[in-house]
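Encoded as structure tokens, the structure appears first; notes follow it.
Computed from the coordinates by the stated procedures, all read-outs in this text should not be read as laboratory data. This structure is a prediction, so every number in the text was calculated from the model and none was measured. Quick reminder, even Gly has a Cβ in these numbers, built from the backbone with ideal geometry, and neighbours come from all protein chains shown.
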Amino acid sequence: MPRIPNLRWLRAKTTPIARLTPHPHKNPYKDPDDGRQRFLLELEFVQCLANPTYIHYLAQNRYFEDEAFIGYLKYLQYWQRPEYIKFIMYPHCLFFLELLQNANFRNAMAHPGSKELAHRQQYFFWKNYRNNRLKHILPRPLPEPAAPPAPAPAPAPSPAPVPSMTTAAAPALSPMQFVGAPGSALPKTDMRNAMGDRRKRKKEG
């Protein structure tokens, strides 16, 4: 007579299929810190892509030949959404992340010349970014209106006429006319008396 197995033992050793199926309303995995560490790690990795030298390092070490890594780059595109992009400090990382979706760019970054070209273009972008942006932001000055014609200058006032002299000016006398002129108050000096006085003084001396 075959032995009948104990049903209680079977129930204890057998796991129902319903227990293996996760509940649709429950998350099978939950980060202990509510995903904070994962958020910071992915944020740091995405921002490292702003460095062409780091992309060159990944290409040299054949990370871009791994299909899982390519899928991870596609997954990281969620950082372009508005609720995540506000945490990005180096916006160039999103530009390079978009380029890394192209296989030709991934293969080209394995060459040092491509790395130098990307680094040089990035430098020129930073150098001219402000001026290029201001060209599109600042309003262009309106053309200056044509200046109206200048009014004709007013005629200058004519000078006042010089009044004519009614009395003729007396003719100026020469210096010789002052000597011995009639009515002159200057005393006359006799030259002969002066010479005689000088002779007397010499004799007395």
### Task
Grab the range 38-137 and count how many Lys pairs have their alpha-carbon atoms under 22 Å apart, sequence gap of 8 or more, or different chains.
4
#### Entry: At R0 = 25 Å, FRET efficiency that the Cβ-Cβ distance of Gln80 and Trp126 yields, to 0.05
0.75
## Note on the structure
Contour minus Cα-Cα span, Ala110 to Lys30, at 0.36 nm per residue, comes to 25.0 nm
### Task
Pull out the extension gain between His119 and Arg38, defined as 0.36 nm times the separation in residues minus the alpha carbon to alpha carbon distance; nm, one decimal.
26.3 nm
### Farthest toward positive dipole pole in the range 37-113 [+1 Lys/Arg, -1 Asp/Glu at C-beta], among Phe45, Pro91, Asn107
Pro91
